[in-house]
Amino acid sequence: MPVIGITACRKLEDYRQSVLHVGGEVRVLNEPSMNASDALNGIDGLLLTGGDDVAPARYGEQPHPAVVEVEPERDEFEMALIVEARRRDVPIFAICRGIQVLNVACGGTLVQDIGSQVSGALEHSFRVPPHEPYSLAHEVWLDKDTLLAKLMRERLSDADACEVNSRHHQAVKELAPGFQVSATAPDGVIEAIEDPAARFCLGVQWHPENFWRTGEFRPLFEGFLEAAQTHTPPRT
């Protein structure tokens, strides 16, 4: 059974259940002072979770007025985890804040506030009651020649779009070197990225973990677990 390291966040349970329901074992990585190398020992896959904004200083920008909550210690820990996981070719699945910190850790930048910085933007910070986190907000358009599209093929049938939930005001701006965009919203905002050279390195801007009961995005977790199951830890 592959062991999945999940970064700690305030709404952890849906991430846990998403992994457990596809056959993974969960280990929560919740100690920012921990050495990233030690934290990843015995880990077969890294799941990066949602949360507050990534500090703009991490990608060389001054903060926009809309950036009000950052977690510097979490940024540092998760960026170190990403660097070490990529060195070891540990599969990475990044969700919401996760895609943002993944992109920054690998050399990219972020749109700090979609509403004021993207002309004609849709509403991406769609607020819903706590008991309805799966409410759909807008479509995403998938690039057919990507890992994301391959994983979602059965749900998409012959379509190249699907509806997603959305709770973010930031997004990927300048893409990290070596990555490719695998989905965008109709307003052009980047909704998914991946590294085609990695065993599995996928980030999505929406919250597929909220659908663990109904299974709409189960294939993403299944693909992640399959990659984690075949991960071979490096020799020490």
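Using a 10 angstrom cutoff on alpha carbons, build the Gaussian network for the chain and name the most mobile of M79, M34, M152.
Greatest mean-square fluctuation among the candidates belongs to M34.
Top mean-square fluctuation among G115, G203, G45, Gaussian network model of the chain, C-alpha springs under 10 Å?
Sorting by GNM fluctuation, first place goes to G115.
If DNA, RNA and ligands are ignored and the probe is 1.4 Å, what is the ranking of E84, E209 by accessible area, most exposed first?
Greatest to least solvent exposure: E84, E209.
Using just the C-alpha positions of the stretch 38-103 as equal point scatterers, what log10 of I(q)/I(0) does the Debye formula give at each q in 0.14, 0.28, 0.29 1/Å?
Taking Cα atoms of the stretch 38-103 as identical point scatterers yields -0.42, -1.30, -1.36.
Mind ranking C9, C96 by accessible surface for me, highest first, 1.4 Å probe?
C9, C96
Using alpha carbon centroids, what distance separates the stretch 1-58 and the stretch 164-213, in Å?
What the calculation gives is 17 Å, centre to centre.
Given Cβ point charges of +1 (Lys, Arg) and -1 (Asp, Glu) and nothing else, what value in debye, to the nearest 20, does the dipole of the chain about its Cα centre take?
Its charge dipole is roughly 440 debye.
Would you kindly find the accessible area of D38, with a 1.4 Å probe and non-protein molecules such as ligands, DNA and RNA excluded, rounding to the nearest 10 Å²?
That residue has around 90 Å² of solvent-accessible surface.
E69 to T214: extension gain in nm, 0.36 nm per residue of separation minus the Cα-Cα distance?
Full-extension gain reported as 49.0 nm.
Could you give the dipole magnitude of the stretch 41-109 about its Cα centre, charging the beta-carbon of Lys and Arg +1 and that of Asp and Glu -1, in debye to the nearest 20?
The calculated dipole for the stretch 41-109 is roughly 260 debye.
Pop out the carbon and sulfur fraction of the accessible area of the chain as a percent, whole number, probe 1.4 Å.
It is 48 percent, rounded to a whole number.
What accessible area per residue comes out for the stretch 170-223, rounded to a whole number of Å², with a 1.4 Å probe?
Heavy-atom SASA per residue in the stretch 170-223 reads 33 Å².
Heavy atoms only, probe 1.4 angstrom, no DNA, RNA or ligands counted: give me L20, L110 ranked by accessible area, highest first.
Sorted by accessible area, descending: L20, L110.
Tell me, what HN-Hα J-couplings in whole Hz come from the Karplus equation 6.51 cos²θ - 1.76 cosθ + 1.60 at θ = phi - 60° for each residue of the stretch 47-62, using x for Gly and Pro?
10, 9, 9, x, x, 6, 5, 6, 4, x, 4, 5, 10, x, 10, 7
Summing -39500 (n - 2.57) over the DSSP H runs of n ≥ 4 in the chain and dividing by its residue number, what mean residue ellipticity at 222 nm do you reach, to the nearest 500 deg cm²/dmol?
-7500 deg cm²/dmol
Would you please name the trypsin sites (Lys or Arg not before Pro) within the stretch 1-69 that are DSSP coil residues with at most 16 other C-beta atoms within 10 Å of their C-beta?
Hits after loop and neighbour filter: R10, K11.
List the residues whose amide H sits under 5 Å from the amide H of A183, counting only those 5 or more places along or on another chain, with H placed 1.01 Å from N in the peptide plane.
It is D143, E191, A192, by chain and number.
Any idea which of V140, L156, I114 is furthest toward the positive side of the dipole for the chain, if Lys and Arg beta-carbons carry +1 and Asp and Glu beta-carbons -1?
With unit charges placed on the Cβ atoms, the residue in question is L156.
When all protein chains stay in place, what accessible area (Å², nearest 10, 1.4 Å probe) is found for L225?
In the full protein context, L225 sits at about 10 Å².
How big is the accessible area of V28 in square angstrom, nearest 10, if you roll a 1.4 angstrom probe over the protein chains?
50
The values are calculated or read from the model by the stated rules, or taken from the named source; none is laboratory data. In this text, all values refer to a predicted model and were calculated from it rather than measured experimentally. Don't worry about glycine lacking a Cβ; one is built from the backbone with ideal geometry, like all the others, and counts go over all protein chains shown. Just so you know, the surface numbers come from the protein's heavy atoms only, side chains and all, with ligands and any DNA or RNA stripped out. Shrake-Rupley method; radii C 1.70, N 1.55, O 1.52, S 1.80 Å.
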